[in-house]
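*Asks:* I have a structure here, written as structure tokens, and I will follow up with some questions on it.
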Amino acid sequence: MKYPPVQNYIDGEFVNAGSQRKFDIISPIDGNQLSIVPMSTAKDLEAAVSSAKAAFAIWSKFPIKERVQVFFRYKYLLEKNLKELAELVQEENGKTYDEAVAEIEKSIELTEFACSLPQLVTGEILEVSRGVECRTEHVPLGIVASIVPFNFPCMVPNWTLPNAIALGNCMILKPSEKVPLTAARLAMLLKEAGLPDGVFNIVNGDGEIVEAICDHPAINAVSFVGSTRVAKIVYQRAAHHFKRVLALGGAKNHLVVLPDAKEDLTAQNVTASMTGCAGQRCMAASAMVGVGKIDHIIQKICEEAKKIVPGKNLGAVISKEAQERIERYITEAEQQGASILVDGRGAKVEGKEKGTYVGPTVIDHVRPDMAIAREEIFGPVLSIMRTETIDEAIAIENKNPYGNAASVFTQNGGYARYVIEKASAGMIGVNVGVPVPREPFSFGGWNESKFGVGDITGKSSIEFWTKLKKSTTKWNPEAGVNWMS
Ligand code: NAD
């Protein structure tokens, strides 16, 4: 094992979890074991909650301008350690080094937003009657939890932790058991940045610890990012215990390509979207709906896809199970009559035979009823469906149960506007394959891609991580109108 066993992080210290149950951390790049991670129990969670509770009494009293000073230093430390963090992300997640760098850069941007929170969370005050003032202020919730997936070991934790903590909460992070090493490194950087002990804690584990988090009476809010299946479980279970919950789920993003779309730009964007991070992005292009005569664009997409080489500019998928699942979907589509234009099955990288790679795959003449068209594949696979009209294309997009992203490729502003209006997704791209809104705009889908109110980043996160206190004060006994008494 390259790294020592992963530990929990509680009250500013790395400590062993109580359980003997462990999960091997295997690098998808070459199949080598990196470490092991413990599956924590409710007792470990109790220790994290006690530490967060004690810290909250102090941290929540710091003025926000003081709290964000930690994040100015944390941002600098992310920059200073960018290369090392990117290497760690690459090792445990399997994405390419450049993609890992982009993930750290995005984490820096998210932290910059948290640093700006004092300018954004000002309350309101108004004299509502003579001598009588109403005032609002954003108050932290208390102890909050963030449960995260494997696909962005650095960025997704940074969707929640800088904002939640800068706003005065104390956080318990539950990393994905597949990629817990980066989270541990973030804890060290936060400590180095001067974050008081107990404000940020990590409990490692799987579904058992997530259930304990949902049930714990002292945890006030739960943020979840992962598959729709688990998002539903977490949303229901945490809400059952009267917690504030925001649960982001899976996706099936549709790209509507019109015949007037710019050939090169479209092909490059579609290919980058479907193959980036080996298709393991909740914003990845997964289904393309080509309207009318678009053979020339499909041909260009295939040319672009063939330039994407596993182990070079295409990373590995997370595990052997994921590799087998993705290949099963491709084979099933083939058996059902779809045409495999570019086939990524059986991809091998020399010298890394145990790595779990799937090459870029382009499948044409997919029917909307096929599993590959309906389900989240989470691999570098593009399923192409054909329609005669925009409305048919929109009907296919609308019918899918998810709603993270949708894009349209065209040079016609009217058509673009039409798709923006009709698509049933929270984030829409026009000639953009991965329409992630950057800070200060917020990130969040619709339908089965998100359960709960508001979005996870940007200004929207202020509402999620705080509660509003409304106070009405009267200091002038001479006030003429005394309707308050
Ligand atoms: P996952 O749902 O398997 O796991 C997410 C988290 O839930 C992990 O921490 C895991 O330990 C925990 N978990 C797993 N099974 C559980 C159970 N039965 N009960 C309670 N907790 C459980 O997701 P993943 O495979 O790590 O990540 C990929 C998924 O995440 C994809 O579906 C992807 O679309 C989605 N995702 C969505 C967004 C978004 O913004 N909507 C962002 C990133 C990833």
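*Asks:* For Met155, work out the one condition from (1) open to solvent by 10 Å² or more (accessible area, probe 1.4 Å); (2) away from the ligand (no atom under 16 Å from the Cβ) it doesn't fulfil.
*Replies:* With respect to (1) open to solvent by 10 Å² or more (accessible area, probe 1.4 Å); (2) away from the ligand (no atom under 16 Å from the Cβ), Met155 is out only on (2).
*Asks:* Just to confirm my filter: which strands (runs of 3 or more DSSP E) fall fully inside the stretch 2-88 and include at least 2 residues that are open to solvent by 50 Å² or more (accessible area, probe 1.4 Å)?
*Replies:* The strands (runs of 3 or more DSSP E) meeting that bar are 13-15, 22-26.
*Asks:* Residues in the stretch 380-392: is at least one of a type in the set (D, E, K, R) and under 27 Å from Trp159 (Cβ atoms)?
*Replies:* no
*Asks:* Of the conditions (1) of a type in the set (Lys, Arg); (2) within 11 Å of the ligand (Cβ to nearest atom); (3) not in a helix (DSSP H, G or I), Arg237 fails just one. Which one is it?
*Replies:* Answer for Arg237: the failing condition is (3).
*Asks:* Being among the charged types (D, E, K, R) and within 16 Å of the ligand (Cβ to nearest atom) is the filter; apply it to the stretch 315-356 and report the residue that is nearest to Ile26 (Cα to Cα).
*Replies:* Lys320
*Asks:* Filter the stretch 123-152 down to residues that are of a type in the set (Val, Ile, Thr), modelled with pLDDT of 95 or more and away from the ligand (no atom under 16 Å from the Cβ), then give me how many there are.
*Replies:* 4
*Asks:* Condition test on Lys307, is it among the basic types (Lys, Arg), more than 19 Å from Ala373 (Cα to Cα) and touching a residue at least 40 places away in the same chain (Cβ under 8 Å)?
*Replies:* no
*Asks:* Looking at the structure I just gave you, is Arg237 without any contact (Cβ under 8 Å) to a residue 60 or more places away in the chain and open to solvent by 10 Å² or more (accessible area, probe 1.4 Å)?
*Replies:* Yes, satisfied.
*Asks:* Please list, ordered by first then second residue, the pairs with beta carbon atoms under 8 Å, 6 or more apart or interchain, first in the stretch 432-457 and at pLDDT below 95, second open to solvent by 60 Å² or more (accessible area, probe 1.4 Å) and assigned to a loop (DSSP other than H, G, I, E, B).
*Replies:* Pro440/Lys459
*Asks:* Would you mention how many residues in the stretch 409-421 are within 25 Å of the chain's Cα centre (by Cα) and surrounded by fewer than 22 Cβ atoms within 10 Å (Cβ to Cβ)?
*Replies:* Residues flagged as within 25 Å of the chain's Cα centre (by Cα) and surrounded by fewer than 22 Cβ atoms within 10 Å (Cβ to Cβ) within the stretch 409-421 amount to 2.
*Asks:* Could you please give the count of residues in the stretch 119-162 that are among the charged types (D, E, K, R) and in a loop (DSSP other than H, G, I, E, B)?
*Replies:* Number of matching residues: 1.
*Asks:* Keeping to the stretch 444-475, report how many residues are in contact with a strand residue (DSSP E or B) (Cβ under 8 Å, 6 or more places away or on another chain), charged (D, E, K, R) and within 29 Å of Val128 (Cα to Cα).
*Replies:* 4
*Asks:* Among (1) away from the ligand (no atom under 16 Å from the Cβ); (2) aliphatic (A, V, I, L, M); (3) in contact with a Cys (Cβ under 8 Å, 6 or more places away or on another chain), where does Ala284 come up short?
*Replies:* Against the list (1) away from the ligand (no atom under 16 Å from the Cβ); (2) aliphatic (A, V, I, L, M); (3) in contact with a Cys (Cβ under 8 Å, 6 or more places away or on another chain), Ala284 comes up short only on (1).
*Asks:* Can you go through Ala251, Ala231, Ala272, Ala267 and tell me which one is over 27 Å from Phe71 (Cβ atoms) and either among the acidic types (Asp, Glu) or in contact with a Cys (Cβ under 7 Å, 6 or more places away or on another chain) (or both)?
*Replies:* Ala251
*Asks:* Filter the stretch 429-446 down to the residues that are open to solvent by 40 Å² or more (accessible area, probe 1.4 Å) and within 11 Å of the ligand (Cβ to nearest atom), then identify the one that is farthest from Ala145 (Cα to Cα).
*Replies:* Of everything passing the filter in the stretch 429-446, Val436 is farthest from Ala145 (Cα to Cα).
The values are calculated or read from the model by the stated rules, or taken from the named source; none is laboratory data. Quick caveat, the model's predicted, so the values are computed rather than measured. Don't worry about glycine lacking a Cβ; one is built from the backbone with ideal geometry, like all the others, and counts go over all protein chains shown. Surface accessibility is based on the protein's heavy atoms, side chains included, excluding ligands, DNA and RNA. Shrake-Rupley method; radii C 1.70, N 1.55, O 1.52, S 1.80 Å.
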